[in-house]
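J.: Dropping a structure here in structure tokens format, bear with me for questions.
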Amino acid sequence: MPARRWGKNFLFDLNLTGRIARAAGALDQGSVIEIGPGPGGLTRALLAHGAREVIAIERDPRCLGALAEIDQACPGRLSVIQGDALSVDVAHLGEAPRRIVANLPYNVATPLLLGWLKHATAFECLVLMFQKEVVDRLAARPDTKDYGRLSVITQWLCRVTPQFEVHPKAFVPPPAVTSTVVRLDPRPEPLAPARLETLERVTAAAFGQRRKMLRTSLKPLGDPVALCAAAGLDPTARAETIPVEGFAALARAVDEEA
Ligand code: SAM
């Protein structure tokens, strides 16, 4: 039985692993980077789908034997890095076009994504399985309960396309939650000009007090009424009603005031 440590819920269903691999498009150019291959169910699907090269990062040494068997079956196409994906600079691994494809360990899924988004244009696309509630947040539109910091930062940098849900029973052992596969396509340029660091500060302030009006929640960043005026926003609006471009305008206003 796979251990629960390090977020282990394995997928062996060939239909599902094939669907995830196909969601990343043609794989015969560049490199596919897989995070947490475990015993290699998705790895096999990526290679069967024609991946030129798969670079797999796995923390658990007990998975290395199974991955070595896959390497023997597909000589020269699989390399395995044993280590913590949080400390690997994936933006420079392998060759472009780079695609990240992964059934992520859920305990580190959001920090991994936020790290990759800092180098979003390094990737052709990211096809990732998260728990469903995270994908709901990534794809959320304004005026919904799921819309928040993760929605704004991700949609500012990427087009977000949920693909399909995966029932807990598809995994061994079944996790407590439903999962969703999502495809992220990094934009050549962010949706509107802004600095990522400032956008992070603005969204942290605004959504940190999401029920409050901007004229209150933005106080830590400067004069909130002046910032809203410069960004063309109503200071009595609340964070959850502001589109991504509005947050980018606020970030520019903060940087201009500084
Ligand atoms: N991809 C496999 C599958 O679909 O069957 C396994 C997915 S399982 C949800 C997550 C895998 O990520 C486990 O094999 C676990 O050992 C590995 N893992 C957990 N934390 C990790 C980390 N920080 N860096 C690299 N791998 C990690």
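All of the numbers you see were taken from the coordinates with simple rules; none came from a lab. Computed from a predicted model, the values in this text were never measured in an experiment. Backbone-built Cβ (ideal geometry, glycine too); neighbour counts: all protein chains shown.
J.: Label segment 1-60 by shape, choosing from rounded, prolate and oblate, from the square roots a ≥ b ≥ c of the eigenvalues of the Cα gyration tensor; if a/c is under 1.5 it is rounded, and otherwise prolate applies when a/b is larger than b/c, oblate when it is not. Don't jump to the answer; show the numbers that get you there.
T.: On the way: a/c = 2.82, a/b = 1.59, b/c = 1.77.
Oblate is the answer for segment 1-60, as a/c is 1.5 or above yet b/c matches or exceeds a/b.
J.: Dividing the convex hull volume of the alpha carbon atoms of segment 170-218 by its residue count, what do you get in Å³ per residue?
T.: On the way: hull volume 7.7 nm³, N = 49.
Cα convex hull per residue, to the nearest whole number: 158 Å³.
J.: Turning to a different aspect of this structure: Which net charge results when you count Lys and Arg as +1 and Asp and Glu as -1 among the other residues whose beta-carbon is under 9 Å from that of Ser179?
T.: Details: positive: Lys132; negative: Glu165.
Within the 9 Å Cβ shell, the charges total 0.
J.: Right, another one. Between segment 82-96 and segment 191-206, what's the alpha-carbon centroid distance in Å?
T.: Taking the Cα centre of segment 191-206 as reference, the centre of segment 82-96 is 26 Å away.
J.: Starting from 0.36 nm per residue, how many nanometres of slack lie between Gln209 and Ala237 once their C-alpha separation is accounted for?
T.: Values: separation 28, 0.36 × 28 = 10.08 nm, distance 1.22 nm.
Once the chain is fully extended between Gln209 and Ala237, it gains 8.9 nm.
J.: Moving on to the next point. Determine, for the chain, the count of lysine pairs separated by eight or more sequence positions (or lying on different chains) whose alpha-carbon distance falls under 19 Å.
T.: Working: Lys8/Lys132; Lys8/Lys169; Lys132/Lys145; Lys132/Lys169; Lys145/Lys212.
Eligible lysine pairs with Cα atoms under 19 Å apart amount to 5.
J.: Next up: Calculated FRET efficiency, Arg187 and Asp89, Cβ-Cβ r, R0 25 Å, to nearest 0.05? Walk me through the numbers before you get to the answer.
T.: Details: r = 22 Å, r/R0 = 0.86.
Using R0 = 25 Å, I get an efficiency of 0.70.
J.: How far, in degrees from 0 to 90, does helix 196-208 lean away from the longest principal axis of the Cα atoms of the chain, to the nearest 10?
T.: Roughly 70 degrees, rounded to the nearest 10.
J.: Given R₀ = 41 Å, what would the calculated FRET efficiency be for Glu133 paired with Ala68, taking r from the Cβ atoms and rounding to 0.05? Intermediate values should be presented prior to the final figure.
T.: Values: r = 36 Å, r/R0 = 0.87.
FRET efficiency, Glu133 to Ala68: 0.70.
J.: So between Arg201 and Val160, what do we pick up on full extension, going 0.36 nm a residue minus the alpha carbon distance?
T.: On the way: separation 41, 0.36 × 41 = 14.76 nm, distance 2.21 nm.
Taking 0.36 nm per residue and subtracting the Cα distance, the gain is 12.5 nm.
J.: Quick one: compute the contact order of segment 1-115, relative version, from alpha carbon pairs under 8 angstrom and 6+ residues apart, as a percent. Walk me through the numbers before you get to the answer.
T.: Values: 188 pairs, mean separation 35.4, N = 115.
About 31 percent, as a whole number.
J.: Modelled label-to-label distance, Ala26 and Ala226, 7 Å Cα→beta-carbon offset: nm?
T.: Taking the two extended label points, one gets 5.4 nm.
J.: Please work out the ratio of the alpha-carbon Rg of segment 1-128 to 2.2 N^0.38 Å and round it to two decimals.
T.: Values: Rg = 13.2 Å, N = 128, 2.2 N^0.38 = 13.9 Å.
For segment 1-128, the normalised Cα radius of gyration is 0.95.
J.: So for Met129, Met213, fewest C-beta neighbours within 10 Å to most, what's the order?
T.: On the way: Met129 26, Met213 16.
Fewest-to-most ranking of Met129, Met213: Met213, Met129.
J.: Provide Thr236, Thr198, Thr178 in ascending order of the number of other Cβ atoms located within 10 Å of each residue's Cβ, fewest first. Let's see the in-between values first.
T.: Working: Thr236 11, Thr198 19, Thr178 14.
With the fewest neighbours first, Thr236, Thr198, Thr178 line up as Thr236, Thr178, Thr198.
J.: Under 1.5 on a/c is rounded, so check that first for segment 196-257, then, if it is not, pick prolate when a/b is larger than b/c and oblate when it is not; a ≥ b ≥ c are the square roots of the alpha carbon gyration tensor eigenvalues. Kindly include the intermediate steps, with their values, before the conclusion.
T.: Details: a/c = 1.29, a/b = 1.17, b/c = 1.11.
Verdict is rounded for segment 196-257.
J.: Going out from 0 in 5 Å bins, what whole percent of all Cα-Cα distances in the chain drops into each bin?
T.: 1, 6, 13, 16, 16, 14, 10, 8, 6, 5, 2, 1, 0
J.: Next question, about the same structure. I need the P(r) histogram for segment 95-231: all alpha carbon pairs, bin width 5 Å from 0 out to the longest distance, whole percents.
T.: Percent of Cα pairs in each bin: 2, 9, 17, 20, 18, 14, 9, 6, 3, 1, 0.
J.: What whole-number distance in Å separates the alpha-carbon centres of segment 210-251 and segment 16-61?
T.: 42
J.: Now for a separate question. Would you mind ranking Val182, Val32 so that the residue whose beta carbon has the fewest other beta carbons within 10 Å leads the list?
T.: Neighbour counts put them in this order, fewest first: Val182, Val32.
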